[in-house]
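For reference, the structure discussed in these notes is given below.
The values are calculated or read from the model by the stated rules, or taken from the named source; none is laboratory data. Since this is a predicted model, take the numbers as computed values, not measurements. Cβ: placed from backbone, ideal geometry, glycine included. Neighbour counts: every protein chain shown.
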Ligand SMILES: [Zn+2]
């Protein structure tokens, strides 16, 4: 069996190894498991790596901060309404693959960071 489909077998083995490595290190969408970002992109904002916020509807979000989130896509135009960070506008962001709302991108004139909802992520958060 191995000899008749050796190439395919080798490819599968490599993918399995890659997946295991990513499960240890990555931050993934909890819904579809797309790689969203990496723990090394975690940053502190106002001295904290994460913080609990409530939106105007009283919904509570535990947000973690990241400098990069290549697995996210922006889903709204920027707004400064009810912003949690004075001087920063927010943009709704979601998973690039399944569009689940994962958090917000906060941007000022010369700065920006990603605030991701921790219980919608999996992996090394
Ligand atoms: Zn997803």
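Need the failing condition index for residue 2 against (1) exposed (fewer than 11 other Cβ atoms within 10 Å of the Cβ); (2) within 19 Å of residue 106 (Cα to Cα); (3) at pLDDT below 95, just the number.
(2)
Considering only residues that are under 18 Å from residue 62 (Cα atoms) and either touching a residue at least 40 places away in the same chain (Cβ under 8 Å) or assigned to a loop (DSSP other than H, G, I, E, B) (or both), look in the range 73-103 and name the one that is nearest to the ligand (Cβ to nearest atom).
As a first pass, look at the range 73-103 and keep what is under 18 Å from residue 62 (Cα atoms): 82-85, 90-95, 100-103.
Subset that is either touching a residue at least 40 places away in the same chain (Cβ under 8 Å) or assigned to a loop (DSSP other than H, G, I, E, B) (or both): 82-85, 95, 100, 102-103.
Values: 82: 26, 83: 25, 84: 23, 85: 25, 95: 3, 100: 5, 102: 8, 103: 12 Å.
That would be 95.
Looking at this structure, is residue 123 buried (at least 17 other Cβ atoms within 10 Å of the Cβ) and at positive phi?
Answer is yes for this residue.
From the list 43, 117, 63, pick out the single residue that is modelled with pLDDT of 95 or more and within 16 Å of the ligand (Cβ to nearest atom).
117
Among (1) at pLDDT below 95; (2) touching a helix residue (DSSP H, G or I) at 6+ places or on another chain (Cβ under 7 Å), there is one condition residue 50 misses while meeting the rest; what is its number?
So residue 50 meets the others, but not (1).
Among the residues of the range 16-26, is any part of a strand (DSSP E or B), at pLDDT 95 or above and under 18 Å from residue 122 (Cα atoms)? Working first, answer last.
First, the residues of the range 16-26 that are part of a strand (DSSP E or B): none.
For the range 16-26, residues part of a strand (DSSP E or B), at pLDDT 95 or above and under 18 Å from residue 122 (Cα atoms): absent.
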